[in-house]
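Enquirer: Below you'll find the structure I mean.
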Amino acid sequence: MAVSTLYLLFLSLSFFLLGTNAIQPSQKQVLLQLRKQLEYPKQLDIWFNTTYDFCYLSSPQVNITCENNYVSELKIMGYQQPNKVSSSFHGFPVPSQTLSQNFSMDSLIATLSRLTSLKALSLVSLGIWGPLPDKIQRLYTLEYIDLSDNFLFGSIPPTFSRMVSLQSVNLDGNFLNGSFPDGVDLLSSLTSLSLRGNGFAGQLPDLPNLPNSLIILYLSKNSFSGQIPVKYSQLSHLQELDLSFNSLSGVPPASLFSLPYMTYLNLTSNMLTGSLPTHLECGNRLAAVDISLNRFTGPLPSCLSNDVNNRTVKYDGNCLMNDVKHQHPANYCVEEARGVEVDAKDFKDSGKRRNSGIIVGVIVGSVVVLVLLVSGFVVLCRKLCPRVVSEQKLLHKPVQDYSVTGYPSGLLTNARFLSEAAKLGAEGIPVHRLFSFEELKDATNNFHRSTLIGEGSSGKIYKGKLGNGTIIAIRHLTVSKKYTIRNLKLRLDLFARLRHPHLVCLLGHCISSEGTDDSDSNKVYLVYEYVHNGNYRSLLAGNDPENVLKWGDRLRILTGVAKAVHFLHTGLIPGFFNNRLKANNILLNEDGMAKLSDYGLSIIAEDIKQEDANGEGAKSWQMKNLEDDVYSFGFILLETLVGPSAASRKDEFLTNEMASFETEEERKKVVDPVVLASCSQESLSVIISITKKCFCGDSWDRPSFEDVLWHLQYAAQVQDGAHRPAEAVLFMGC
């Protein structure tokens, strides 16, 4: 664990050597001023050495992206969400929660406005306090702003509507109040607006006050009242709407449920009344609906039944005729609708009196059982508490969850991930589930040797077929019992949250002790989708001219894998590093889409050696001491450039032949002829440049993975712009 901690520390300080793309000195001065205004938060200690290029310094809490030497994206996140109590904040600084009395919101905005190319700003959980000033309009270049979980108060100024480039706004978890801000309809590019957990009151904004471009609208946990506007049905692009925990009344518009792109609708914990139409129509994409804890009466419409495929509906706590044991009596909702204050228990008092004898007996018995349980719990705690404490150290930071209720907050803290988050929500990736050992035995004919398709230091891999006909791949791991079953399940739960279009999908897992003679280990079976169209290394090595990967194909495959690895590093907290990146771990499906396998295994079994599935000992060369994903990906880039046979000489190639990339004439001696015949020289130069940087001797001198991804995307754009027939991007035979 000490090695892993040291490695993460080094990775958080990764940066490029100063060069032609160094940040402008004036921009660096602005960032240093910003650090001072935020009162030198610990996460900005990475800016202490001012000789570094801030554009390439990053950590899980801090990220800067630059374009043409100017800051375009700035993300600073506090280490944890503050434990705020609304009664303790009255517009003045709170010790240990907010910045000091010396902080000025006006000065902060004035400093940020000097970053004239800033497009994305995320300042989360930093103790920022004060009203949003009128001069916020100076940040007119912003497309994305996230100031959530701070101590902003007052109303949103009218000048906010002059930030016409805004596409996403997140002001969750502040103390903003007043009515819904005017002028939001002027933000014609706005697609995501989140104002959850504030103190807004009054009527919900009607359609003229909302831009038709909205895709996500979160207004929960405020004090909005009145009815939901009927014209919301004209928000034709709306996909997610959360109006929960307000004081809304009346019957919600039926057309709200049938919006063509709506996937998530949350109306829980309001005062909505009346009956929903029996023949209510629901949109085909509606996946999650919550109308619980309101005052609805009558039957539940058939389209809101949980029997509808791929739709989850919550409706407890109403007066509906369905599932009556979880509903109030009808009179409860009628009286509430008339404005008479009632308590649900009033409708049950008579029943309680009839059963008072039984209740007394139950209470006495419960007390006796409770005393026994408490005594047993105290004894168990004395024995198990040391172990529980050690297990709690496993997850140092909260883990975001992928659920139908919205995109994971970790993705929404960075503007680059907004489109990726939407893509993830629409992929339809299967839900992770538990498999029984018998089910896996049936799928593999009792793990017959004919189903064995791979074997290495990380265990055996079998091909199987489930009862429904789904073809699967099963990885068998032997995991040390230094982890308790509870600890192992925590790790598997974290592992199961890795969902990305370019990762081989983990369908489920099974923990079994059956058939093991080793009392010091557990058997873990990881069940994956079966990706059957070969791996990247075999395609690079192929001699079939009908099945060749041209330069455009290679860039597309590598870009997909880089997106997946970038997600592993930043999409969840804690990030997943050392992901066994090798060309033969990049699989391709029937559409030629790249999917990374063998990722994240170290979270389950930290003693897994970094070896190839076919038994090659990767520890025998330099990577033993320089192990990280950027360095490993460098060798995938090298294989892309020169082919697997040349790249297999690893150390020798790095020592003797890397210099051959310097000139176009020298490249002809080492670069794969297929690459030379199908690439533009500028695109090729971009990849050669980033490949060299991946092999820097010290890990903190290597580029971040975000920078690797940027170079791949840029090289692809250059290639697409070459417009030469010989460079057409064709993926043949896959």
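Enquirer: Quick one: divide the alpha-carbon radius of gyration of the stretch 59-212 by 2.2 N^0.38 Å and tell me what you get.
Expert: Details: Rg = 15.3 Å, N = 154, 2.2 N^0.38 = 14.9 Å.
Here the answer is 1.02, to two decimals.
Enquirer: Okay, next question. Over the C-alpha atoms of the stretch 208-277, what are the Rg and the largest Cα-to-Cα span, Dmax, in Å?
Expert: When restricted to the Cα atoms of the stretch 208-277, Rg and Dmax are 11.4, 31 Å.
Enquirer: Using a 10 Å cut-off around each Cβ, can you sort S161, S168 from fewest to most neighbouring Cβ atoms?
Expert: In increasing order of surrounding Cβ atoms, one gets S161, S168.
Enquirer: So what is log10(I(q)/I(0)) for the stretch 262-325 at q = 0.27 1/Å, when the Debye sum runs over its Cα atoms only?
Expert: -1.33
Enquirer: Direction-averaged shadow area of the convex hull around the Cα atoms of the stretch 227-345, nm²?
Expert: Values: hull surface 27.2 nm².
Mean orientational projected area (the stretch 227-345, Cα hull): 6.8 nm².
Enquirer: Treat the count of other C-beta atoms within 10 Å as a stand-in for reagent exposure and order M163, M77 from fewest to most.
Expert: M163, M77
Enquirer: If you take the beta carbon distance between S26 and S179 as r and set R0 to 51 Å, what does 1/(1 + (r/R0)^6) give as a FRET efficiency, to the nearest 0.05?
Expert: So the FRET efficiency works out to roughly 0.80.
Enquirer: How would V184, V169 line up from fewest to most surrounding beta-carbon atoms within 10 angstrom? Mind showing how you got there, number by number?
Expert: Details: V184 19, V169 22.
Least to most surrounded, the residues fall as V184, V169.
Enquirer: Nearest 0.05, what FRET efficiency do V431 and N306 give at R0 = 22 Å with Cβ-Cβ as r?
Expert: For V431 and N306, the calculated efficiency is 0.90.
Read-outs: derived from the displayed coordinates by stated rules, not from any lab. Keep in mind it's a predicted model, so treat the numbers as computed, not measured. Reconstructed Cβ throughout: ideal geometry from the backbone, glycine too, with neighbour counts over all protein chains shown.
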